[in-house]
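The values are calculated or read from the model by the stated rules, or taken from the named source; none is laboratory data. Note that the structure is a prediction, hence the values are computed from the model and not measured. Note: ideal-geometry Cβ built from the backbone for every residue, glycine included; neighbour counts use all protein chains shown.
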Amino acid sequence: MIYFLLHFAFFLKVFKSSSEKSILQDIYDFIFRQIELSIREIGYGDQSINKKMKDYLNLLYSMIDKIHNWETLNYSAKRTILIDYVDKNANFEYLVDYFEKYLQTISNKTLNSYIKSVDKH
């Protein structure tokens, strides 16, 4: 789930200034509805689901806050950000490079290019 939230944080970082605020809000709502459904399928009760959802939301906002200036950070600072979220035994050189490329890839496309073939749920 952590890697998914990191990807989503970068996605929101890139497209938050998009003029398509309502579409971005729909994507956000859909993502968290799916996370909630997944937690329910695992078998958590309502109280546990609320706590998990709150934890995931706080984690996402923490990620968004820390990656806000990603492009201006050096390798060490980027590595430190990732250390806060992923397994300490992860290959951080690979992850920093991976998220650099991911950010560049999503920055080169429009929001509509990602959703043009997706039906509204």
task = Looking only at region 14-59, count how many residues are of a type outside the set (A, V, I, L, M), within 21 Å of Thr105 (Cα to Cα), without any contact (Cβ under 8 Å) to a residue 60 or more places away in the chain and in a helix (DSSP H, G or I).
result = 2
task = Could you figure out which of (1) part of a loop (DSSP other than H, G, I, E, B); (2) surrounded by fewer than 14 Cβ atoms within 10 Å (Cβ to Cβ); (3) in contact (Cβ under 8 Å) with a residue 24 or more places away in the chain isn't true of Val86?
result = (2)
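To keep it simple, each residue is scored yes or no on (1) modelled with pLDDT under 90; (2) closer than 26 Å to Asp87 by Cβ.
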{"site": "Met1", "(1), (2)": "yes, yes"}
{"site": "Leu6", "(1), (2)": "no, yes"}
{"site": "Phe11", "(1), (2)": "no, yes"}
{"site": "Ser17", "(1), (2)": "yes, no"}
{"site": "Phe30", "(1), (2)": "no, no"}
{"site": "Ile39", "(1), (2)": "no, yes"}
{"site": "Asp46", "(1), (2)": "yes, no"}
query = Only one of (1) within 14 Å of Ala9 (Cα to Cα); (2) surrounded by 11 or more Cβ atoms within 10 Å (Cβ to Cβ); (3) without any contact (Cβ under 8 Å) to a residue 60 or more places away in the chain is not met by Phe99, so which one is it?
reply = (3)
inquiry  = Can you say whether Ser76 is in a helix (DSSP H, G or I) and more than 18 Å from the chain's Cα centre (by Cα), as far as the supplied structure shows?
reply    = yes
remark   = Within region 19-52, the residues that are exposed (fewer than 13 other Cβ atoms within 10 Å of the Cβ), within 19 Å of the chain's Cα centre (by Cα) and either among the acidic types (Asp, Glu) or within 19 Å of Leu103 (Cα to Cα) (or both) are Asp29
query = Which of the residues spanning region 60-73 are in a loop (DSSP other than H, G, I, E, B) and either β-branched (Val, Ile, Thr) or within 13 Å of the chain's Cα centre (by Cα) (or both)?
reply = His68
